[in-house]
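Structure record follows, encoded as structure tokens.
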Amino acid sequence: MIISKTKNTKINEAIWLANDLLNNKGFYEEILAFGEFDMSDAKTEKIIELMKVAHKESIMQVHSYFKKWSRAYGYYEPNRPTRININTAKLNRSIGSLVASIIHEYVHYVDGLTPLSFGHGSNSPNGKSRTSPYAIDNIAQSIIEGEYIDNNESSLIINTYTPWYKRLFRWLFWTVQEHSDCVRLSAHGFGITFINLWGHFYE
């Protein structure tokens, strides 16, 4: 599981979506369909298995930092293998791109849990599109941004992230509709009547 150690709302939204992907059968189907990765001594099926086990049995923390002049979106620290870091100076991009960064570093994290190697060597991205971190993060971004079209052969269903206050509003709206026979709203001056949905009213 990926957990947040930052208060940044955009990063937290991306973490939510990344966890949703990592729980999704369709995401792994798209990874499997990609084929074998460059610079990897692990088969794609094995990488998928390791990703699933890591998400269920271990916790990876996402921390944030600010480096305005750095070109890096984030990084993984082998000496602190349970955490990744996201650069808040580089958040002026799509949510799909941010999810991709988290998934990219997550693949490094999973790689660090095993003696197998499926990274991308140096930090230069040139010619690395078929390595597992770059290929899998590209699949993640494409899914989040709707470029993968669902069909009858795919199990891909991604839930759209909804902020907590919108979820609360929807729940309240549904509750008022469902219990409209026992709900009374009244307002007088600046006061509001607080409603007990079981029929008891408090001023």
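Where a number appears in this text, it was derived from the coordinates with a stated rule and is not lab data. These figures come from a predicted structure and were not determined experimentally. Heads up, the Cβs are rebuilt from the backbone with ideal geometry, glycines too, and the neighbour counts pull from every protein chain shown.
A few points about this structure:
- Summing charges over all other residues whose Cβ lies under 12 Å from the Cβ of Asn85, with Lys and Arg as +1 and Asp and Glu as -1, gives +3.
- A crude spin-label estimate for the pair Phe66 and Lys46, with each label 7 Å from Cα along the Cβ direction, gives 4.3 nm.
- Positive-end extreme of charge dipole, the stretch 55-138 - chosen from Ser117, Thr82, Ile102 (charges on Cβ): Ile102
- Taking trypsin sites (Lys or Arg not before Pro) across the stretch 38-82, the ones in a DSSP loop with at most 14 further Cβ atoms lying within 10 angstrom of their Cβ are Lys43, Lys67, Lys68, Arg71.
- Separation of the alpha carbons by more than 18 angstrom is noted, of Lys5/Lys52; Lys5/Lys25; Lys10/Lys90; Lys7/Lys56; Lys25/Lys52; Lys7/Lys52, for Lys5/Lys52; Lys5/Lys25; Lys7/Lys56; Lys7/Lys52.
- Computed over the Cα atoms of the stretch 2-144, pair by distinct pair, the Kirkwood hydrodynamic radius stands at 15.0 angstrom.
- Along each principal axis, Cα extent of the stretch 52-134, largest first, Å: 34, 29, 24
- Sorted ascending by nearby beta carbons within 10 Å, beginning with the fewest, Thr9, Thr82, Thr88, Thr131 become Thr9, Thr82, Thr88, Thr131.
- Amide H within-cut-off set for Ser64, under 5 Å, with H built and near neighbours excluded: Ile86
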